[in-house]
1. Just to check your reading of the model, which residue among Glu326, Glu321 is farther than 22 Å from Glu83 by Cα and of a type in the set (Asp, Glu)?
2. Please give the number of the condition Glu205 fails out of (1) assigned to a helix (DSSP H, G or I); (2) in contact with a Phe, Trp or Tyr (Cβ under 8 Å, 6 or more places away or on another chain); (3) over 30 Å from Thr72 (Cα atoms).
3. List the residue pairs whose Cβ atoms are under 6 Å apart, where the first residue sits in the range 110-130 and is within 18 Å of Gly78 (Cβ to Cβ) and free of Cβ contacts under 8 Å to residues at least 60 places away in the same chain, the second is open to solvent by 30 Å² or more (accessible area, probe 1.4 Å) and of a type in the set (Asp, Glu), and the two are 6 or more positions apart or on different chains.
4. Return yes when Glu326 is out of contact with any strand residue (DSSP E or B) (no Cβ under 8 Å at 6 or more places or on another chain), over 16 Å from Val73 (Cβ atoms) and surrounded by fewer than 18 Cβ atoms within 10 Å (Cβ to Cβ) and no when it is not.
5. Here is a check on your reading of the model: is Thr148 β-branched (Val, Ile, Thr), under 18 Å from the mean Cα position of the chain (by Cα) and open to solvent by 10 Å² or more (accessible area, probe 1.4 Å)?
6. Glu215 is checked against (1) open to solvent by 40 Å² or more (accessible area, probe 1.4 Å); (2) on the phi < 0 side of the Ramachandran plot; (3) not in a strand (DSSP E or B) and fails just one. What number does that condition carry?
7. Being more than 26 Å from Val54 (Cα to Cα), among the small types (Gly, Ala, Ser) and out of contact with any helix residue (DSSP H, G or I) (no Cβ under 7 Å at 6 or more places or on another chain) is the filter here; which residues of the range 86-125 pass it?
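The values are calculated or read from the model by the stated rules, or taken from the named source; none is laboratory data. Keep in mind the model is a prediction, meaning the values are calculated, not measured. All Cβ positions, glycine included, derive from the backbone under ideal geometry; neighbour counts span all protein chains shown. In case anyone asks, the SASA skips ligands and DNA or RNA and just uses the protein heavy atoms, side chains included. Shrake-Rupley method; radii C 1.70, N 1.55, O 1.52, S 1.80 Å.
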Amino acid sequence: MSQPKRALRLGMIATAVAAVLVTAACGGTTRGSGEDAPAAGRATGQADPDAPLVEGLDVAFLPKQVNNPYFTVSDNGGKSAVEEFKGSYKEVGPSEASASSQVSYINTLSQQGTDVIVTSANDPNAICGALTSARQAGAKVVTFDSDTKPECRDVFVNQATGEGIAKIQVDLISEQIGGEGKIAILSATPNATNQNAWIELMRAELAKPEHSGIELVTVAYGNDEDQKSFQETQGLLRSYPDLKGIVSPTTVGVAAAARYLSTSEYKGKVALTGLGTPNQMREFVKDGTVRSFALWKPADLGYLAAYAGAALASGRITGAEGEKFEAGRLGEYTVGPDGVVVLGPPTVFDRGNIDEFRF
């Protein structure tokens, strides 16, 4: 560990010890009691927005699964940010996106004294214990793409508002099927925090009068595996031969569904939209399998998450609402309620603009 980082960490420990002693001296109030007591795990320290970014920070990205094209792009965005603030970057992670598959990696990173852990959670609860231990050991924890419970991390970098992501997908499928008919959702894993939140918000969106002609018949799960998602698409169309459209809010799922539709009798008859990357979806947009889909820029998401981690580790922010920090070329961001930082609105990709994007 470098001298600046060692000094910073020792300073943080000293501050934490002093806070404990003051609390003990005051007496009468236990954690979680009283109107002014902070929520468990939330930031209580004092931020210094003018503090310099510490050089030499060890930053580790832990995606839901490695070799997933979406996370390859987002994590590389994080790598470019780490290089900008002169830190040390690495990516580790499981090959399968199961609920507890990330725990052993978090424990190892904690034992290695990692300064910043940036992770997309496969399950909102399964990794909380490991993340809590890592934070107690001095690591700053940033979740991105898919959150844990708020008390288990310092900051969550969200792609866009959940409402915005849900609305754009419902609006796209509604437009493509003429506002009426049966649709299905092809999701990732049953425990994926972001997927489940978006699905509930899509249900709420579909319940609005303007979408009264659309019926959501089922939600299928491809476990963010290409072949299983392909097979689930096939199964949906066998079970619901009158299906008008599929929404897949996962880059693996939407690409697998497009691959199945592109060579099937349903091409041009069953609409498909969701969240995908231009590189994965380009051929299916150009051959008419898919009319349009949406996504944010995953490289920017990883880039912002890395800068949020550096700001935390340098003491510029603590994760408290209203704090501001600079994120390199993306500019200034503000921490919202529950330590959430929002990247921005999603982009819609179609035949007219897809060649402008290469990710």
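1. Of Glu326, Glu321, the one residue that is farther than 22 Å from Glu83 by Cα and of a type in the set (Asp, Glu) is Glu321.
2. (2)
3. Thr114/Asp58
4. No.
5. So Thr148 does not fit the description; no.
6. Single failed check for Glu215: (3).
7. Within the range 86-125, Ser95, Ala97, Ser98, Ala99, Ser100, Ser101, Ser104 qualify.
This table checks each residue for (1) open to solvent by less than 50 Å² (accessible area, probe 1.4 Å); (2) within 30 Å of Leu272 (Cα to Cα); (3) out of contact with any Lys or Arg (no Cβ under 9 Å at 6 or more places or on another chain).
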position: Ala306; (1), (2), (3): yes, no, no
position: Leu312; (1), (2), (3): yes, no, no
position: Ile317; (1), (2), (3): yes, no, no
position: Leu330; (1), (2), (3): yes, no, yes
position: Gly336; (1), (2), (3): yes, no, yes
position: Thr347; (1), (2), (3): yes, yes, no
position: Asn353; (1), (2), (3): yes, yes, yes
